[in-house]
1. Add -39500 (n - 2.57) for each DSSP H run of 4 or more in the chain, then divide by its residues: what number comes out at 222 nm, to the nearest 500 deg cm²/dmol?
2. Could you tell me which helices of the chain pass both thresholds, a Cα extent of 20 Å or more along their own axis and a mean Kyte-Doolittle hydropathy of at least 1.0, with helices taken as whole DSSP H runs?
3. Which of ASN202, ALA176, LEU150 sits farthest toward the positive end of the charge dipole of the range 129-209, with +1 on the Cβ of Lys and Arg and -1 on the Cβ of Asp and Glu?
4. Can you give the convex hull volume of the alpha carbon atoms of the range 33-88 per residue, in Å³?
5. Relative contact order (percent) for the range 1-113, with alpha-carbon contacts under 8 angstrom and 6 or more residues of separation?
6. With equal scatterers on the alpha carbons only and no solvent term, can you work out the Debye log10 of I(q)/I(0) for the range 125-176 at 0.12 1/Å?
7. Averaged per residue, what accessible area in Å² does the chain show with a 1.4 Å probe, protein chains only?
8. What number do you get for the range 88-212 when its Cα radius of gyration is normalised by 2.2 N^0.38 Å, N = residues?
Amino acid sequence: MLENALFWVANAVGLVAFVLVGASKAIREGFDPFGVSVVGLVTAFGGGTTRDHLVLRMPLSLQTLSNIGFGVLGVILAVALSVLLDEPHWHPVSLVADAIGLGAFATTGAIVATHAGVSPFGVVAVATINAVGGSAFADILLDRPPFILLQDFYASCAVLGGGLYWLLSNHFGTGALAAGGCATMTVGSRLIAVRYGWELPNVRNYTTEITR
């Protein structure tokens with residue numbers, strides 16, 4: 001019962017946070033209201049829908065109207081921020097919301113994967129896909145390479161969170177400890193990465209330096 005409640009709370013938080021982030025990106029690119037809504041909803045639902053297909057269940061986004069309600073709330077918040085702020089996508093509110101959404105969806109992905117009985121690798125993989133899949137789809141709609149495949153220390157945070165979830169659930173059982181550890185690791189590592197400008201090395205630049 002506790003884990004079920006944790007899942008729904010994390011899911012709601014992730015939806016609002018990621019719709020806000022995705023819609024803000026679309027506003028910055030000059031999309032119309034429909035486009036802003038589509039990009040925002042894809043950012044929020046893309047990863048979870050992929051997750052549900054991987055574990056062979058009906059996508060949660062099609063099961064209840066409440067998910068769409070959270071999505072609409074995220075779009076409204078994004079529009080409000082764009083009116084109040086000059087560069088809402090770089091504002092601390094947006095950066096923190098993105099980190100929170102990343103942590104929330106890594107946690108829901110890990111919970112779903114664990115209940116589906118997948119391997120430890122599967123838990124980490126599904127947690128990561130749930131966390132970053134929507135952002136990748138949104139970048140495709142925005143006609144640019146998915147930033148999670150470039151240098152930013154972003155998807156790696158979900159990998160760390162998913163790995164910690166598996167370790168904690170394997171030793172202490174699923175529940176608040178595992179979910180809280182996953183969320184804390186993911187959000188914390190992402191905020192630290194933003195604060196200190198962490199990036200993974202560019203392979204081409206790295207190999208060029210070696211061969212010189």
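The values are calculated or read from the model by the stated rules, or taken from the named source; none is laboratory data. These numbers were taken from a predicted model, which means no experiment stands behind them. Quick reminder, even Gly has a Cβ in these numbers, built from the backbone with ideal geometry, and neighbours come from all protein chains shown. Quick note on the areas: whole protein, heavy atoms, side chains included, nothing else; ligands and nucleic acids left out. Shrake-Rupley method; radii C 1.70, N 1.55, O 1.52, S 1.80 Å.
1. Details: 8 runs with 164 residues, N = 212.
Taking each H run of at least 4 residues, the total per residue is -26500 deg cm²/dmol.
2. Numbers: long enough: 2-28 (39 Å, 1.32); 33-54 (31 Å, 0.64); 65-84 (29 Å, 2.25); 92-116 (36 Å, 1.29); 120-141 (32 Å, 1.50); 155-172 (25 Å, 0.92); 176-196 (29 Å, 0.96).
Helices meeting the span and hydropathy rule in the chain are 2-28, 65-84, 92-116, 120-141.
3. Toward the positive end, the furthest listed residue is ALA176.
4. Numbers: hull volume 4.2 nm³, N = 56.
That works out to 75 Å³ per residue.
5. Relative CO of the range 1-113 lands at 41 percent.
6. -0.34
7. Working: 10730 Å² over 212 residues.
With all protein chains present, the chain gives 51 Å² per residue.
8. Details: Rg = 15.5 Å, N = 125, 2.2 N^0.38 = 13.8 Å.
Against the compact-globule rule of thumb, the ratio is 1.13.
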